[in-house]
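Just below is one structure, and these are the notes that go with it.
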Amino acid sequence: MPLTTIKVPVELRERVSTAARERGVTAATLLSELLDQDERRQRLAAARDAIERQPPDESYWAEARAWDEIAGVSDDD
């Protein structure tokens, strides 16, 4: 994979290096993992916002109960 250089303040570079070293990974791996986590957080926030804008109606809950019955799941589980 080709590499590139990004310009960041020295303090930030040191923070990244320290965090990576503490986790036993490279700076590139740390940055990749942090970006993955941030992207996941954004996807979950978007899903939460969508649900809040249009909450499930009774037909959703009826279908969920039907699937629970098929799966043998009860409210007590």
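The values are calculated or read from the model by the stated rules, or taken from the named source; none is laboratory data. None of these values were measured; they are calculated from a predicted model. Reconstructed Cβ throughout: ideal geometry from the backbone, glycine too, with neighbour counts over all protein chains shown. Calculation scope for accessible area: heavy atoms of the full protein, side chains included, ligands and nucleic acids excluded. Shrake-Rupley method; radii C 1.70, N 1.55, O 1.52, S 1.80 Å.
Distances between every pair of Cα atoms in the chain, grouped in 5 Å steps from 0 to the bin holding the largest one, split as 3, 11, 11, 13, 11, 10, 8, 7, 8, 9, 8, 1 percent. Helical runs (DSSP H, four residues minimum) scored at -39500 (n - 2.57) apiece and divided by the length of the chain put the mean residue ellipticity at 222 nm at -24500 deg cm²/dmol. Accessible area per residue for the chain is 94 Å², calculated with a 1.4 Å probe on protein heavy atoms, without ligands, DNA or RNA.
Among Ala45, Val16, Leu30, pick out the residue whose Cα is farthest towards the positive end of the charge dipole of the chain, where Lys and Arg carry +1 and Asp and Glu carry -1 on C-beta, about the Cα centre. Of the candidates, Val16 comes out farthest on the positive side. Shown for the chain: the carbon plus sulfur share of the solvent-accessible area, taken with all protein chains present and a 1.4 angstrom probe, equals 56%. Highest mobility in the GNM of the chain, judged by mean-square fluctuation with C-alpha springs under 10 Å and restricted to Asp49, Asp36, Asp57, is found for Asp57.
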